[in-house]
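Beneath this line is the structure, given in structure tokens, with notes to follow.
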Amino acid sequence: MLGLSFLSLALMVVDQRSDYLDYARVGLNVLVKPVWDVANYPNKVFGVVQDLFASRDELLDHIEDQDQELLLLRVKTQEMAALRAENNRLRNLLGSAAKLQDNVLVGELIGVDPDPNRLEVVIDKGLNDNVFVGQPVLDAMGLMGQVIEVGVFTSRVLLISDQSHSVPVQVVRSNLRLIARGTGISGQLELVHLQDTADIREGDQLVSSGLGDRFPVGYPVGTVNKVDHDPGKPFATATATPSALLNRTRHVLLVFTEENLNKTR
């Protein structure tokens with residue numbers, strides 16, 4: 001050991017003071033490199049596995065973040081679509097209001113009567129807004145019904161398709177006056193006391209005739225979709241589809257005539 005120690009010291013002195021051992025060092029490095037590689041292999045494997053799991057975790061986190069962002073974007077898209085549809089409905093509603101000669105108030109549906117035998121809705125306007133019983137209610141497409149009950153902040157509206165509701169109407173093409181009565185089915189009206197020889201056919205437009213002093217003249221009510229003539233009976237049968245979107249409307253128009261406004265002032 002002493003000999004090896006002296007030899008090591010001698011080699012260090014020679015290596016420090018000369019370059020005789022450089023070639024020997026290069027040769028030893030070539031011989032020792034495989035040993036270093038084998039010794040370092042577990043560390044490399046551990047690093048690769050660690051990077052693999054780290055990359056997998058980062059990827060999973062990234063996917064989760066992307067899923068959350070996609071969900072938020074979908075919600076925002078749905079909100080924008082709903083707002084766009086609502087904006088279009090309000091534009092149509094305001095366009096209908098501009099066509100009317102009467103004063104109108106925009107209301108919103110806030111409830112539907114759960115009784116299947118009663119076709120009624122609740123709106124967010126009441127006595128505070130000068131709403132009155134019998135007031136005509138429209139949507140952007142036509143006549144919806146009339147107010148039958150008024151509270152302080154809300155009102156109840158009977159739809160024209162309710163069995164207890166009737167509207168005096170007039171055929172635009174022939175000026176024939178009739179009564180359109182609800183059938184209890186949301187998308188259907190029936191024309192009562194229709195003479196078999198009456199000038200009416202499918203596709204005819206029906207508007208309010210103004211008789212009865214309940215609904216002003218000229219409001220769209222429906223379109224005739226079926227006419228049956230029975231030679232053995234004095235009366236024909238006919239049905240019509242309401243112009244108003246009774247099951248889909250959210251915003252409505254409450255109509256005030258000058259006479260009604262004078263009464264409420």
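Counting only residues that are modelled with pLDDT of 90 or more and either among the small types (G, A, S) or not assigned by TED's automatic domain parsing to the domain that holds P216 (or both), which one in region 140-173 is farthest from T223 (Cα to Cα)?
G151
Of everything in region 178-200, what is surrounded by fewer than 13 Cβ atoms within 10 Å (Cβ to Cβ) and of a type in the set (D, E, K, R)? Give them in sequence order.
Answer for region 178-200, where residues must be surrounded by fewer than 13 Cβ atoms within 10 Å (Cβ to Cβ) and of a type in the set (D, E, K, R): just D199.
Looking at region 142-153, I want the residues that are farther than 14 Å from V169 by Cα and have a partner that is of a type in the set (S, T, Y) with Cβ atoms under 6 Å, at least 6 apart or on another chain. Which pairs are those?
V147/S155
Just to verify a result, which residue in region 132-149, among those that are part of a strand (DSSP E or B) and not aliphatic (A, V, I, L, M), is surrounded by the fewest Cβ atoms within 10 Å (Cβ to Cβ)?
E149
Quick one: is S209 small (G, A, S), surrounded by 20 or more Cβ atoms within 10 Å (Cβ to Cβ), over 33 Å from the mean Cα position of the chain (by Cα) and modelled with pLDDT of 85 or more?
Spelling it out, S209 is indeed small (G, A, S), surrounded by 20 or more Cβ atoms within 10 Å (Cβ to Cβ), over 33 Å from the mean Cα position of the chain (by Cα) and modelled with pLDDT of 85 or more.
Given (1) in contact with a Lys or Arg (Cβ under 8 Å, 6 or more places away or on another chain); (2) in a strand (DSSP E or B), identify the lone condition not met by R156.
(1)
The values are calculated or read from the model by the stated rules, or taken from the named source; none is laboratory data. Computed from a predicted structure; not experimentally measured. Positions of Cβ are generated from backbone atoms using ideal geometry, with glycine treated the same way; all protein chains shown enter the neighbour counts.
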